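The values are calculated or read from the model by the stated rules, or taken from the named source; none is laboratory data. Every value quoted in this text rests on a predicted model; they were computed, and no experiment measured them. Every residue, glycine as well, gets a Cβ built from its backbone with ideal geometry; the counts of neighbours run over all protein chains shown.
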Amino acid sequence: MVSSPLLFPDFFRWGTATSSYQVEGNLTNNDWFAAAQTGGYIYQDQAAGLACDWWNRAEEDFDRMVTLNQNAHRLSIEWSRIEPSPGVWDNDALARYREMLIGLHQRGIEPMVTLHHFTNPLWLTEQGGWDNEAIIGLFERYTQKVVSVLGDLTPIWCTINEPAVMISHAYGLGRFPPGIRDFNAWLRVAINVVRSHAASYHAIHRLLPNAQVGIAKHMVLWKPWRPFLPNDQIATHFLEYLFNHLLLTMMTRGITRVPGRRSYLLPETANTLDWIGLNYYTRYRIQFELFSSQLKPRFKPGAMKGPGEWGEIHPQGMLIMLKQLWQRYRLPIYITENGIPDHTDAHRPEFIISHLSQVWQAIEKQIPILGYYFWSLVDNFEWTEGYNPSFRFGLFGVDFETQERHLRPSGKLYGEISKQGGLTSEILAR
């Protein structure tokens, strides 16, 4: 029997995470809704539709957070609701977000607010979206409006969710709208995203000098498929830098170099992170075919992995990523997402315990980790996977026809962990 409990600091935030388009419902004024109408991006060309109906009943799920002993939640604001057309603000939408944040506070749950989680208003898309330098000022204006109305309700702000995923999938792989595959566009967008983040960071601090501002950064554990081959090693190092560290380097140092391109000097983006949010899910092994110049993900036989192209489940990668972030950037860390697509809930309980064990080890190594936000509280619309039954991430399952919820065993377990403040000896033994 395991006898040593893994208990976390008293200040630790035990939470979950959601995003607006994935849970709110009836969002028809953004690029992801338009992509569903165009077709070709999303599983069965599904739109989010009613999703989890949070716009009308979020408080019901806030009550469910209480039953799971949560003291924190990360949610996002939908830009297309706040600014449905250029320079026109929807005060009713802002009032509803105030209700949500107040509702969290009333339940003893601290909100973390994300300003951008993948979706853009249609009017912005028509202007070129992230590929138009004008977005820097537009995102700053949007930030100022949101923070001026909601700033008294949270000091913790996340400017942009998973910028490397958004950039690579929308402008490199063509899997997210606008579906572009152009490395030059990728570079332009990367610069615009970092400058937009910096403008947002400075705007928040002008309005809220004591605010804590960061981003949610998806990190992948990249490994060479054939460690003995230089081409696999070089390709892996390239991906690791480009995906994991390029943007963070810009946001912390204001300068970076893209392999094969010139250096970029952006002094206004230096020191624009008060914390880093880690979104960690998977490991990928990379094979690079020299003659075809193709990168291929490869998986070891018998390795535990998610459905489809989802990578390997590798809990030890959590500690590796946390150590890497701390050694490179010396900033406090939130784990802003961590979860597994598991509609049967067969693996999620073990996933939670194994990954939290790695987080505990990081804290024992004096890495300043402030909280853990599990993805996700409820099943939701999962971007390109839509409502694919294989991609269910919730501690609560959702029947999208009836909006009924059911607590999964993993949810009960996470609620117990949150109540105890860590992994007790009894939990570990069980």
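In region 248-305, the residue that is farthest from PRO332 (Cα to Cα) out of those that are of a type in the set (Ser, Thr, Tyr) and more than 25 Å from the chain's Cα centre (by Cα) is SER292. If the condition is being farther than 15 Å from GLU350 by Cα and either surrounded by fewer than 20 Cβ atoms within 10 Å (Cβ to Cβ) or of a type in the set (Phe, Trp, Tyr) (or both), then region 402-424 contributes THR402, GLN403, GLU404, HIS406, LEU407, LYS419, GLN420, GLY421. The set of residues in region 364-412 being part of a loop (DSSP other than H, G, I, E, B) and small (Gly, Ala, Ser) consists of SER376, GLY386, SER390, GLY394. Scanning for something buried (at least 17 other Cβ atoms within 10 Å of the Cβ), in contact with a Lys or Arg (Cβ under 7 Å, 6 or more places away or on another chain) and among the polar types (S, T, N, Q), does region 226-248 turn up at least one residue? Yes: region 226-248 contains one or more residues that are buried (at least 17 other Cβ atoms within 10 Å of the Cβ), in contact with a Lys or Arg (Cβ under 7 Å, 6 or more places away or on another chain) and among the polar types (S, T, N, Q). Might you check whether a residue that is among the hydrophobic types (A, V, I, L, M, F, W, C) and farther than 29 Å from LEU356 by Cβ occurs anywhere in region 19-27? Among the residues of region 19-27, at least one is among the hydrophobic types (A, V, I, L, M, F, W, C) and farther than 29 Å from LEU356 by Cβ, which makes the answer yes.
It is to be established whether one or more residues within region 354-363 are touching a residue at least 60 places away in the same chain (Cβ under 8 Å), in a helix (DSSP H, G or I) and of a type in the set (S, T, N, Q). Looking for residues that are touching a residue at least 60 places away in the same chain (Cβ under 8 Å), in a helix (DSSP H, G or I) and of a type in the set (S, T, N, Q), one finds at least one in region 354-363, hence yes.
What tally of residues in region 1-37 results from selecting those that are modelled with pLDDT under 95 and either within 25 Å of CYS158 (Cβ to Cβ) or hydroxyl-bearing (Ser, Thr, Tyr) (or both)? Explain how you work it out, then say what you get.
Taking region 1-37 and keeping what is modelled with pLDDT under 95, we get 1-4.
So of that shortlist, the ones also either within 25 Å of CYS158 (Cβ to Cβ) or hydroxyl-bearing (Ser, Thr, Tyr) (or both) come out as 3-4.
Counting residues in region 1-37 that are modelled with pLDDT under 95 and either within 25 Å of CYS158 (Cβ to Cβ) or hydroxyl-bearing (Ser, Thr, Tyr) (or both) gives 2.
Of the numbered criteria (1) over 16 Å from the mean Cα position of the chain (by Cα); (2) over 29 Å from ILE42 (Cα atoms), the one SER390 fails is (2).
Does ALA211 satisfy the criteria of being touching a residue at least 40 places away in the same chain (Cβ under 8 Å) and out of contact with any Pro (no Cβ under 8 Å at 6 or more places or on another chain)? Spelling it out, it is not the case that ALA211 is touching a residue at least 40 places away in the same chain (Cβ under 8 Å) and out of contact with any Pro (no Cβ under 8 Å at 6 or more places or on another chain).
Of the listed requirements (1) touching a helix residue (DSSP H, G or I) at 6+ places or on another chain (Cβ under 7 Å); (2) on the phi > 0 side of the Ramachandran plot, ASN380 misses just one: (2). Taking the conditions (1) in contact (Cβ under 8 Å) with a residue 40 or more places away in the chain; (2) on the phi < 0 side of the Ramachandran plot in turn, GLY386 satisfies each one other than (2).
Tell me the residue from ILE136, ILE160, ILE167 that is part of a helix (DSSP H, G or I), closer than 17 Å to ILE204 by Cα and among the aliphatic types (A, V, I, L, M), please.
Numbers: ILE160 fails: part of a helix (DSSP H, G or I); ILE167 fails: closer than 17 Å to ILE204 by Cα.
After applying the criteria, what remains is ILE136.
Quick check on GLY129: is it small (Gly, Ala, Ser), more than 25 Å from SER263 (Cα to Cα) and in contact (Cβ under 8 Å) with a residue 24 or more places away in the chain?
Values: small (Gly, Ala, Ser): yes; more than 25 Å from SER263 (Cα to Cα): no; in contact (Cβ under 8 Å) with a residue 24 or more places away in the chain: yes.
No: the conditions fail for GLY129.
Scanning region 249-274 for residues that are without any contact (Cβ under 8 Å) to a residue 40 or more places away in the chain, buried (at least 16 other Cβ atoms within 10 Å of the Cβ) and not small (Gly, Ala, Ser) yields THR249, THR256. Could you tell me whether region 38-55 includes any residue that is under 19 Å from the mean Cα position of the chain (by Cα) and charged (D, E, K, R)? Within region 38-55, not a single residue is under 19 Å from the mean Cα position of the chain (by Cα) and charged (D, E, K, R).
Considering only region 271-307, state which residues are assigned to a loop (DSSP other than H, G, I, E, B) and more than 26 Å from GLN358 (Cα to Cα).
If we filter region 271-307 for residues that are assigned to a loop (DSSP other than H, G, I, E, B), which is where we start, we get 271-274, 290-293, 299-304, 306-307.
Within region 271-307, ASN271, THR272, LEU290, PHE291, SER292, SER293 meet the criteria.
From the list LYS296, LYS305, the lone residue that is surrounded by fewer than 16 Cβ atoms within 10 Å (Cβ to Cβ) and over 29 Å from MET251 (Cα atoms) is LYS296.
I'd like to verify a number: residues in region 114-130 that are of a type outside the set (Asp, Glu) and surrounded by fewer than 22 Cβ atoms within 10 Å (Cβ to Cβ), how many? Break it down stepwise before answering.
Step one: of region 114-130, the residues of a type outside the set (Asp, Glu) are 114-125, 127-130.
This time we only want the ones that are surrounded by fewer than 22 Cβ atoms within 10 Å (Cβ to Cβ), so: 122-123, 125, 127-129.
The qualifying residues number 6.
Report yes if THR114 is at pLDDT 95 or above, in contact with a Ser or Thr (Cβ under 9 Å, 6 or more places away or on another chain) and assigned to a loop (DSSP other than H, G, I, E, B), otherwise no. No, not satisfied.
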